[in-house]
1. Give me the strands (runs of 3 or more DSSP E) completely within region 30-89, filtered to those with at least 2 residues that are within 18 Å of ALA169 (Cα to Cα) and at pLDDT below 95, ordered by residue number.
2. Test VAL151 against the stated conditions and say whether it is touching a Lys or Arg at 6+ places or on another chain (Cβ under 8 Å) and not aromatic (Phe, Trp, Tyr).
3. Go over the candidates VAL151, VAL129, VAL88 one by one and state the one that is without any contact (Cβ under 8 Å) to a residue 60 or more places away in the chain and surrounded by 19 or more Cβ atoms within 10 Å (Cβ to Cβ).
4. Which count do you get for residues in region 118-159 that are part of a strand (DSSP E or B) and either at positive phi or of a type outside the set (S, T, N, Q) (or both)?
5. Taking region 156-176, which residues are free of Cβ contacts under 8 Å to residues at least 24 places away in the same chain and closer than 17 Å to SER96 by Cβ?
6. Say we look at region 154-185 and pick out the residues that are charged (D, E, K, R) and farther than 21 Å from ASN84 by Cα; which of these is surrounded by the most Cβ atoms within 10 Å (Cβ to Cβ)?
7. Could you go through region 105-117 and let me know if any residue there is at negative phi, assigned to a strand (DSSP E or B) and free of Cβ contacts under 8 Å to residues at least 24 places away in the same chain.
Amino acid sequence: MTMRTIALLIAVAMAVPLLADKKPKADKSCLSVSVGSKQALSSKGNNNDEREFEGGGTTFSATKVLDIQFAIVFSPAVAAQFSNAHNVEFRVYTPSGNLYQSISIPITNDPKRAGERHRIPGYPDLVPVQVLQSINHGGGKGMFATVTLPVAGTPIVSNSLYGRWTADALVEDEIAPCAQPAAFVISQ
């Protein structure tokens, strides 16, 4: 054996325990990022949450809605891992593709944590932890949390930022969105 072969075998032998100690990365994928508005409920669904996010309405008139809500929907299996507080960041983009607003929330699947407050990096105050709620989604079951984007009286209206917007969500330290972005239209 050559010295090069011996050095390679030693390097591989040293790396194997490191690889064996690595735990598989937790699945933080979401089923979807959905968009809706309490002022524009659909007639479909069993409750207001389902009528808001499952109605398929993705066009909102800035003169008829006060705000738009975004939901991140997880499968029950993925949601089961969120027993502690985990941060989710929603990113909302203007029709020209610029970041309009980033909104972060802590989520959990543990109802005992309702009312707790959690630190979000970059936020001056503690943010209430949101307990994931059950929803029928896309013909199956899911667990969701929401954030609200005000529309009425905001730069959206005063600067006529009308057109096709998008929103995506990132879970904790992930660098890519957990699902396809939600597309929606804000009209006058």
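1. In region 30-89, 32-36, 67-74 are the strands (runs of 3 or more DSSP E) which contain 2 or more residues that are within 18 Å of ALA169 (Cα to Cα) and at pLDDT below 95.
2. no
3. Result: VAL129 is the single residue among VAL151, VAL129, VAL88 that is without any contact (Cβ under 8 Å) to a residue 60 or more places away in the chain and surrounded by 19 or more Cβ atoms within 10 Å (Cβ to Cβ).
4. Pass one, region 118-159, residues part of a strand (DSSP E or B): 118, 127-128, 130-131, 133-137, 140-150.
Now drop any that are not either at positive phi or of a type outside the set (S, T, N, Q) (or both), which leaves 118, 127-128, 131, 135, 137, 140-145, 147, 149-150.
Qualifying residue count for the region: 15.
5. Hits for region 156-176 are SER158, ASN159.
6. Looking at residues that are charged (D, E, K, R) and farther than 21 Å from ASN84 by Cα, I get ASP168.
7. yes
The values are calculated or read from the model by the stated rules, or taken from the named source; none is laboratory data. Everything quoted here is computed from the prediction, not taken from an experiment. When we count neighbours, we look across all protein chains shown, and the Cβ atoms used for this are built from the backbone with ideal geometry, even at glycine.
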